[in-house]
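This report refers to the structure that appears directly beneath it.
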Amino acid sequence: MRLVVERFAHNALALLAVTTILFFMFRLMPGTPLAAYINENLNADQQQAVLEQFGLDKPMWQQYFIYLGNLAQGELGLSFFQRRPVLTILLEVLPNSLILTLVSLIIAYAFGVLAGAWLAWKRGSWIERVAVPAVLATRAAPEFWIGMVLLALLSFNAGWFPSGGASSPGMAYTNAFQRMASWDYLHHLALPVLTLALYLQGLPLLLMRSNMLEVMHEEFVTMARMKGFSEWRIVIRHAARNALLPVVTAFALGVGLSMGGNVVVETVFSWPGIGRLLVQAVSVLDYPLAQGAFLMIALVLAVMNFVADLLYMVLDPRVSHGRKS
Amino acid sequence: MILEVDDLQIHYSTRAGPSGSGVVRAVDGASFAVPEGRIVGLVGESGCGKTTAVRAIMGVLAENGRRAGGRVVFKQQALDEAATKKLLWRDIAYVPQSAMSSLDPVYTVGAQLVEVLTKRGNATGRAARARAVELFDLVGLSENRLRDYPHQFSGGMRQRAAIAIALALEPSLLLADEPVTALDVIVQRQILDMLRELQQRLRLSIVLVTHDISVVAYLCDDVVVMYAGQVIESGPVRDVLARPRHPYTMGLRNAFPDLLSDALELVPISGSPPDLADPPPGCRFAPRCPFALAACTTGTVAIASGSDRTHRSACLRDGEADQLRKAALDPETWLRSSSFATS
Amino acid sequence: MAALVQLRDVVKHFPVTRSLGELVRGEHPAVRALDGVSFDIGSGDAIAIVGESGCGKTTLGRLMLKLTEPTTGTIAFDGTALAGLAGEGLRGFRRQAQLVFQNPFDALNPRFTIYRAVAEPLLNAGIDKAEHEDRVAAAFRRVHLADLDRYLDKYPHQLSGGQLQRVVLARALVLAPRFLVADEPVSMLDVSVRAGILALMREVRDTMGLTAVYISHDLALVRYLCGRTLVMYLGRIVEDAPTDEIVRRPRHPYTQALVAAVPVPDADQPRVPLPIKGNVPDAREPPSGCSFRDRCPHAMTRCAEVAPPLREVAGGHRVACHLELA
Amino acid sequence: MAERAEPAIPTRSSWSLLGVLRRIVAMPLHDPFAFTGLVIYVLFALVALFADQLAPADPLEILFTKTGKLAANVAPGAEFLLGTTNLGRDIYGELVHGTRSALAVGLSAAIIVAIVGTVVGLVAGYFGGTTDAILMRIADMALSLPFLPFVIVLTGFLGASTSNIVLAVALLLWPNSARVIRSQVLTLRERAYVEAARVTGASQWRILFVHIAPNILPLSFVYAAIAIGWAIITEASVSFLGFGDSTSVSWGMMLQDAFSSQALSRGQYAWFVPPGLCIILVVVAGFFISRGYEEVFMPRLRGR
């Protein structure tokens, strides 16, 4: 329990630090600080409202606390261009990003863990000698480029998948849930998921492989062998269970990391997610929206960091159960 | 005899170096037997092959190791790989040196005990849990520690838990590899006393691998002394320690501290054990032996029994054992190393 | 004879990570590695510090070499308090006090040749480079690594454990120190090699007139090295006496158990039951009063109330036990 | 006594840091992975050096056919090895010149990461205490920033220049190496031979630089090699998103051009496949080299 609180505090502090960095980044940008919040396209009333809301006429340190207060209430300002509250826009696209990320991560990790364990078992074979450099190459490939190649081959050339977006034009749904459960949505989701999964499987695969190789030499695995257990039981119950520990942490961290990486994949496939939103906002200098999107990604990262810590605690009794004797 | 090891050869392949052939003969023709219901100490210095021999019996050599020859016979049955697999843990169990690294860190000790009982024995879950309580009681651990993880145990308790797991399926032979080496002297004594008591109560036969002849003297009935991959002396502990017949055992006896003896001198054996990738011809101890003759450096010396049939030694000058033993008590003897070492 | 090393009420606490509750209550839990240790080491003496793992003996050795600082209490070397030493004073102390390590395989920098390793103290002490070769050669002769040139350009991994420990000893002796601490100097070595290193340590101690401290868990070995032995239990000295007294007439119940537990290489040894039960308690929460009382066969009510002080019960024999003091 | 042969044994007088450097340089010769990586690096370095000879024309020049029409979307052939873009630029020329910016970005980020990471890791690990706590909290902070979004925001707002990208990458990557180096220093500090150096009176700085740092150097190289890859991928991603430095040719920019001008739907593989392969090759070379170093210098990871 104490550890849980500790890790929570740790991640919360990190998030606070990120928001602080962001605040000063926007203030220290070239031009007047006002430029970051007020766009000449807004009418006078709107400008006045923003001025007051963010305390832009007050000293910097007061602005900082007003900013934190606003954040705490989910008040992220108005988008310059959409003229809508930033939070509303973010919440609209967030599910798309989360679905994309989670689905591809689950596929990537399920595959990576199994294939990694298998490669460890195949150690010294020609398969391993070919597979390891090949997997390294998938880690070295830019995600967006994988997406481009898949798009050209499977969408434009073969015509199997739509080339972008989250739903075909003209489709109407009664609610968001129904839309996401539809075949059309899944059809659009497939290529971005494939791209991300292809990129993401490398880390769990290589991690699992090297952990397995290491754990297989642990004395407790040899002991399991001496006890006469079946090879299956030794590999799964003892070796893989221990080798999995660091991979689980990597999974939760991967959610946060790939939320960042999604930026490019979402752009390639015009996937209406938070990453694409960030890119669009930055390119049109829509500061409130860019800041909001960035913070949302940072928040997901912090939450997933915390989940990673919790998972590790659950899985590793050396962390969760203190020393007794 | 419950266990007979005959001419066992274990080779490790290593990258060929300038000095070696690339094959390390870790165990090179070792033979010994374990009589039913006795505790046999397998002693020797690091790298003499004692641990390798025991792990070979359990069928778990490192990947670069292989059994290059010899026979292991358990209760009249020759052990090949398949036969070993069937016997493991049910008839022959193992107590490791470091119980910390040999227990799986992510399961409770109780779960690991139950796993053996249900997957290798034929106990049901409920029966296994009841038996686990019994076993913990047997080794002097409280049953509520069954729910604890290995890292929550102290060193001595972990060793007790490892013994409980070894005894789970009521094996008749226990191979214990340095089971008390990492422990403090008081805990060590507690574990040794417990092993002796369990051995008598459960009619166990035990092979105790150790480098410590004091532990052998305290616990064992018989002793097998190994040097450089070979058995050089064996017999009842009383005979071997009081009247060693092989110069190496004599030297070891002189080099070993004794809390109660009046002698205030420890005498080292000069030199160091040979490189097992390129062992010297003849008796492997000859280069360090103060009594070596020219004949010792050629041919091989088989282990042979002397006048009393149970005490065997592998020394060309076995006939002069009594005179050599007297000379060996004089520290001066060991100061001049073998004349064949340098020539 | 004047004391070369003097320890007074030395306490060393290692802080442990605090729980949230302890944090709120403002508590500072700590492992009491040493809990009020006082003794003197006369110039030229050789004493042994004996005890089980976790009793604080290694911490004590590190404190005497100023490798760590005591929480409270004072340690003086040749009349100077170690606490105040810095700069030139500290360098002067380093020239006089040396350490021999437990694990010779780790005590030498794997990237240094044997020559560099042994010459390093000379370099650090600012001794003229022209003298280095001669002094290294002299140190090698002292540890009987006779054919010098065979070793100088070797790296540690090319030597055996016994040879390495001789090199470690040579490095400790190259500055001709007055004080030597040896922490389990032979426990990592093979039995047949141990005796040689022990004999060598005794020899250099005698010829160089060193004051020496041997830290060990092995009473049987200590007997060959030291005239006087301190027995430690949970951070305290429980008995301090000539080694022969400790071995033949131990007075503290813990020492008695320790002596009884040591096996001897004799099949006909007496097998007396151990007069002790249980395990060493958690050093974070030692029992009140005498820290040995919960395992002691003679424990009385008084033992829980007052910690027995270490007092002289016979000439040169000190014991911390109410039974002996009564 | 078995004597293992040690390549390049320094003599009694040699300085050990030099010895380590020599081993670092000699290492790739012993590891097939690292060797491959090194060969790839050397090849790309040669291409970057001789870019003007390999593709003499200005890569941004707009080409016309003999009839005076824009030479747009010409298929690969003898005249244009990889064809031309929709704006009539020679793809092969862009590819060759793009090597320069890729290597420049990669190497400069790697150098910053190696230096900052090593210094911070050494100082935090060796001196510990408050210094350590502060440095590690800063590292935590940098690590909790979402990587690519941060680079995008920084370059998007501060201006799209190569140096800003390098700066952003370095800002986010140093904590990884600093943390690993710090934990390595922590274990080294406990080694008996480091304690031995203290007992024999070695100064703090001598211990840090003579006894500890040489063991850390290979790690710095590992992380530098990885940073090269990350920087190049990041630069490509940022360029692809349109926040790149528009004054120089880069592989990322080529990919952006291809993407935005519908090269994908036209199936102009010769336009967008080669830059991607180049990125993979350079980045994977870094991975190979870092693996090689890990295997040689961190035996724990060695596939026994």
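A plus D alone minus the pair: what accessible area, both sides summed, probe 1.4 Å, in Å² to 100?
4100 Å²
Express in % the proportion of alpha carbon pairs of the range B:194-287 at distances exceeding 16 Å.
62 percent
Among the aspartates and glutamates, which fall within straight-line cross-link reach of C:Lys129, defined as a Cα-Cα distance under 19 Å, with same-chain neighbours fewer than 8 residues apart omitted?
In chain and number order, the partners are C:Glu120, C:Asp149, C:Asp153.
Count the net charge of all other residues whose Cβ sits under 14 Å from the Cβ of A:Met259, scoring Lys and Arg as +1 and Asp and Glu as -1.
Charge balance in the 14 Å sphere: -1.
Determine the shielding of peptide A:214-225 by partner chains: average, over its residues, the number of Cβ atoms on other chains within 10 angstrom of each Cβ.
6
Quick one: grab Rg to one decimal and Dmax as a whole number for the range B:103-165, Cα atoms only, in Å.
Cα only, the range B:103-165: 10.6, 31 Å (Rg, Dmax).
If I model a spin label at C:Glu131 and A:Leu154 as a point 7 Å from the Cα along the Cα→Cβ vector, what separation in nanometres do I get?
7.7 nm
Per 20 Å bin from zero, what fraction in whole % of the C-alpha pairs of chain B is there, up to the bin with the longest pair?
Values per bin, smallest distances first: 29, 55, 15, 0.
Across the residues of C:255-263, average count of Cβ atoms on other protein chains within 10 Å?
Average neighbour count from other chains, rounded to a whole number: 5.
To one decimal place, what orientation-averaged projected area in nm² is obtained for the convex hull of the Cα set of the range A:198-300?
Taking the Cα atoms of the range A:198-300, their convex hull projects to 8.0 nm² on average.
Given a 10 angstrom Cα cut-off, can you work out which residue in A:Leu153, A:Leu310, A:Leu102 is the most mobile in a GNM of chain A?
The residue that fluctuates most here is A:Leu153.
Using the 2.2 N^0.38 Å rule of thumb for compact globular proteins, work out how the range A:203-251 stacks up: its C-alpha Rg over that value, please.
1.13
Taking the C-alpha atoms of the range B:144-222, how large are the radius of gyration and the largest Cα-Cα span, Dmax, in Å?
12.7, 38
Of all the accessible heavy-atom surface of the protein assembly as shown, with the other protein chains kept in place and a 1.4 Å probe, what percent is carbon and sulfur?
58 percent
Could you work out which residue, out of C:Val222, C:Val264, C:Val143, moves most in a Gaussian network model of chain C, that is, has the largest mean-square fluctuation with Cα springs under 10 Å?
So, out of C:Val222, C:Val264, C:Val143, the one fluctuating most is C:Val264.
Using the alpha carbon gyration tensor of the range C:64-182, what are the three equivalent-ellipsoid semi-axes (square root of 5 times each eigenvalue), largest first, in whole Å?
Equivalent ellipsoid semi-axes, largest first: 28, 16, 12 Å.
How well do other chains shield peptide C:150-160, expressed as the mean number of their Cβ atoms within 10 Å of each residue Cβ?
That average works out to 3.
At 20 °C and 1.002 mPa s, grab the translational diffusion coefficient of the protein assembly as shown from Stokes-Einstein with a Kirkwood Rh over Cα pairs, rounded to a whole number in µm² per second.
61 µm²/s
With a Förster radius of 41 Å, plug the Cβ-Cβ distance of B:Glu63 and C:Leu323 into 1/(1 + (r/R0)^6) and report the FRET value to the nearest 0.05.
0.10
Can you list which of the trypsin sites (Lys or Arg not before Pro) found in the range C:275-326 are DSSP loop residues with at most 16 other C-beta atoms within 10 Å?
Qualifying residues, ordered by number: C:Lys277, C:Arg284.
When the convex hull of the C-alpha atoms of the range B:240-303 is computed, what volume per residue in Å³ does it have?
Convex hull of Cα atoms, per residue: 107 Å³.
Accessible area per residue, 1.4 Å probe, Å², for the range B:103-165: what's the number?
Heavy-atom SASA per residue in the range B:103-165 reads 37 Å².
Once every Cα of chain A carries one equal point scatterer and solvent is ignored, give the base-10 log of I(q)/I(0) from the Debye formula at q = 0.11 Å⁻¹, two decimals.
-0.86
Over both sides of the C-B contact, add up the buried accessible area with a 1.4 Å probe and give it to the nearest 100 Å².
Chains C and B together bury approximately 3600 Å².
For chains B and A, what's the summed buried accessible area, probe 1.4 Å, to the nearest 100 square angstrom?
Roughly 2800 Å² of accessible surface disappears when B and A pair.
Using only DSSP helix segments of four residues or longer, with each worth -39500 (n - 2.57), what per-residue ellipticity at 222 nm results for the protein assembly as shown after dividing by its residue count and rounding to 500?
-16000 deg cm²/dmol
Distance in nm between label sites at B:Glu197 and A:Gln48, each 7 Å beyond Cα in the beta-carbon direction?
9.1 nm
Which residue fluctuates most in the GNM of chain C (Cα springs below 10 Å): C:Pro29, C:Pro308, C:Pro275?
Fluctuation is largest for C:Pro29.
So which residues of the range A:233-249 lose at least 10 Å² of accessible area, probe 1.4 Å, when you go from the chain by itself to every protein chain present?
Buried by the other chains: A:Arg233, A:Arg237, A:His238, A:Arg241, A:Asn242.
The values are calculated or read from the model by the stated rules, or taken from the named source; none is laboratory data. Computed from a predicted structure; not experimentally measured. FYI the Cβ positions are ideal-geometry reconstructions off the backbone, even for glycines, and counts take in every protein chain you see. Heads up: the accessible areas ignore ligands, DNA and RNA and are worked out on the full protein's heavy atoms, side chains in. Shrake-Rupley method; radii C 1.70, N 1.55, O 1.52, S 1.80 Å.
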